[in-house]
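First the structure, in the form of structure tokens, and then the observations on it.
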Amino acid sequence: AERRTVLLTGAAGGVGTLMRELLPPHGYDLRLLDVVPVPGEPAAITADLADHDALRAAVRGTDAIVHLAGISLESTFDKILRANVEGTYNLYEAARAEGVRRIVFASSNHVVGHTPWPAPGAPPLPVDAPRRPDTFYGLSKCFGEDLAQLYWDKFGIETVSIRIGSCFPEPTSVRMLSVWLSPADGARLFDAALRAENVGHTVVYGSSANTRTVWDLAPTRALGFEPEDDSEVFAARLIAEHGELDTSRPDQAHIGGAFVNDPPIWPR
Ligand code: NAI
Ligand code: 15L
């Protein structure tokens, strides 16, 4: 099949670094962008999401964009506003101006982070559950999802918003046993989100096929995503180290984990 050219924003970050290795074998030639230089990638574009001209040039001639750039944890409202809210708007404007018609947006579980952790046996959290951000960070991802909907309805730019759980080489907490997205499954999911037809604006949760999942992966699978990993292989070691998940603990009572306490609202 024909290789497609994809702009990867946030290419120097954790997920970006994983995807630089894992996405090309799925048939993509990556153009890289980050506000900091991307180690070992002299051709990467070093630009801020505030730089309109740089964004126009960066998206020009690409088939699609995977938008990872932004602040990935809680921060001050002003910083979040600039990088995640205005930055995502600037990127969509560049896509509109240059005729790029598919974006994969790195949304986050923190859009629903203040949702209570589902009780044992309760149904998994659906994608259309009320949004309950746990941080200004999560709030900015709510904005990104709504921006994507607007650009579909108004301008015909398609987006898959992936509410990523925890995409790291390995899960490092008992909470992550439920929300882990293995890097290889992450690449499979980005690939599915880039290839699926007629997505309009589609919101999905992003995780591996974890035994302890807390959310509904059916819409994610409907994109053509076939996860191959399950965090359960890490469960015995993590539980021996940290104990079983205890939803009476404030930092384990919600989908978003400790983010609900950032900035601190209860004593540690
Ligand atoms: P990261 O913080 O490691 O990487 C983000 C990258 O964006 C950094 O390299 C940073 O330099 C760049 N960046 C920040 N502000 C920028 C700006 N104004 N202009 C250009 N580049 C800018 O984050 P990570 O973990 O790689 O996450 C990637 C994306 O996925 C983020 O949008 C994050 O919110 C989202 N996400 C990640 C999850 C995870 O498990 N790693 C979970 C849920 C969402
Ligand atoms: C996120 O949205 C963050 O970007 C990432 O660093 C992790 O904290 C992840 O969520 C998580 O919930 O584990």
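Values in this text are rule-based calculations from the coordinates and carry no lab data. Worth saying up front: this structure is predicted, and the values here are computed from it rather than measured. Glycine gets a Cβ as well: all are built from the backbone with ideal geometry, and neighbour counts include every protein chain shown.
Results, tabulated for the structure shown:
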item	result
Whole-Hz couplings from phi, Karplus 6.51/-1.76/1.60, listed for region 213-224; x for Gly and Pro	4, 10, 9, 7, 8, 4, x, 5, 5, 5, 6, x
Residue order, fewest to most beta carbons within 10 Å, for 177, 238, 189, 7	238, 177, 7, 189
For residue 210, residues with placed amide H under 5 Å, excluding near neighbours	231
The chain, relative contact order in percent, only Cα pairs under 8 angstrom and at least six apart counted	18
Ranking of 67, 26 by count of other Cβ atoms within 10 Å, fewest first	26, 67
Vicinal HN-Hα couplings computed from phi for region 230-236 (Karplus, 6.51 cos²θ - 1.76 cosθ + 1.60; Hz; Gly/Pro x)	9, 5, 4, 4, 9, 5, 4
Shape call, region 109-268: gyration tensor on alpha carbons, a/c limit 1.5	oblate
Amide hydrogen neighbours beyond the local backbone of residue 201, cut-off 5 Å, H modeled	159
Cα gyration tensor shape for region 1-57, rounded if a/c is under 1.5, else prolate or oblate	oblate
For residue 164, residues with placed amide H under 5 Å, excluding near neighbours	107, 108, 109, 206
Neighbour cut-off at most 13 other Cβ (10 Å), DSSP loop, GluC sites (Glu not before Pro), region 200-252	228, 244
Gap separating the Cα centres of region 1-55 and region 69-122, nearest whole Å	18
Helix-only CD estimate at 222 nm, as mean residue ellipticity for the chain, using -39500 (n - 2.57) per DSSP H run (n ≥ 4)	-9000 deg cm²/dmol
Likely footprinting exposure, 137, 151, fewest C-beta neighbours within 10 Å first	151, 137
DSSP bridge pairs, the chain: antiparallel proportion in percent, nearest 5	5
In sequence order, calculated HN-Hα J values of region 133-139 (Karplus, 6.51, -1.76, 1.60; Hz; x Gly/Pro)	x, 9, 7, 4, 4, x, 4
